[in-house]
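Just so it is clear, none of the values below were taken in a lab; they were calculated from the coordinates. Computed from a predicted model, the values in this text were never measured in an experiment. Counting neighbours? That spans all protein chains shown, and the Cβs are built from the backbone with ideal geometry, glycine included.
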Amino acid sequence: MPSNNSSSKGPVVPDWVKPELFEQTLKDTVKNYKKILKFKVSPGTRPGDNYVTIMLRVEVDVELTDNTTKSISYMLKTARKSAEYGETFGNSEFNIFDTERDMFTNVVQEFKDMYKKAGLEVEFGAKCYKLDIKEDHIILEDLKAKGFRPTERLAGLNKEHTLSVLKKLAQWHAASATRVAVKGPYPEHLNKGLFTEEGKALLKGLSEGAIKYILKSYETIEGHEVYYEAVKNMKEHIMDHIWQVGQVDPNEFNVLNHNDCWLSNIMFQYDEQNQLLDTYLVDYQLYQNKRI
């Protein structure tokens, strides 16, 4: 019998994450799929990673129609069941899971198709699927199986990795601008992202919740006295600055921005000799069409 296990450390696996829920996804993605033999769920992030959602790795051993077995893994992103998450996201009409799924299944595919038509094979992220359940979620292919891994964020990036990230962003921005020229404006929820009246409360919660931790972190930096008070005084009107930055100027060159491009949202692919092959962006939740 398949079992639903989770690590003693890390997030609690939601009750609805059961083997039978993955049957259709397995049928759609695994050639000659027959049945599930083993089912395991474990934390999908490293200790210290800071994400607003829960990331889980789903590992499945399946039997194929020729009686051989195969191991498959997925990354499952779900909502946190906490008061803080509810206060920040629960009252907003902006659903980060719907937005991210739309990005993966529609926008990313449009960009890939445009590059393919131009004679280039360009990938931007993992393949995305959907489970037949009402719970907020995103299910993605596990990039680890393709040799992808995150970098050590505290160490930063060397020149090679930095150039790879910039190249991927340039490819994304070019495709996003071309897509508007060819197909017209993006849907309203992508044009404005969180920068709507409904999203104001969410942005306020995110920014005001973060500022106290930013100030605490600054206290550990030598020479922070020079700018500490300025940042502290900005707390009262930081939302005004964020709102101003997020407004689209039709007279500017606008592209579809990631809005959360930092080291924890970038994956690097390596070959067996540890040579860098490609770079993918992850977390497609906060995209917005605006100037670079």
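Of note:
- Given the chain, longest segment not containing exposed loop trypsin sites (Lys or Arg not before Pro) (DSSP; at most 12 other Cβ within 10 Å): 135-292
- Point-charge dipole on Cβ atoms (K/R +1, D/E -1) for region 186-292, about Cα centre, debye to 20: 340
- Gained length - LYS159 relative to ASN251, 0.36 nm times residue gap less alpha-carbon distance: 29.8 nm
- Considering helices alone, the calculated mean residue ellipticity of the chain at 222 nm is -10000 deg cm²/dmol, with DSSP H runs of length four and up weighted by -39500 (n - 2.57) and normalised per residue.
- Cα-based values for region 232-288, radius of gyration first and Dmax second, are 17.0, 51 Å.
- Value of Rg to Rh for the chain (Rh from inverse mean 1/r over Cα pairs, i.e. Kirkwood): 0.98
- Region 99-200: GluC sites (Glu not before Pro) falling in loop per DSSP and having at most 11 other Cβ within 10 Å: GLU121, GLU152
- Label-zone membership for region 241-271, site LYS167, 7 angstrom Cα→C-beta point, backbone N under 13 Å: 269-270
- Karplus-derived 3J(HN,Hα), 6.51/-1.76/1.60, for each residue of region 204-217, Hz, glycine and proline x: 5, x, 5, 6, 5, x, 8, 4, 5, 6, 5, 5, 5, 5
- Mean-position separation - Cα centroids, region 257-278 and region 106-176, in angstrom: 9
- Peptides ranked, highest mean first, by Cβ atoms within 10 Å: ranges 217-228, 270-281: 270-281, 217-228
- If the segment from VAL180 to GLU23 were pulled out straight at 0.36 nm per residue, it would be longer than the present Cα-Cα gap by 52.8 nm.
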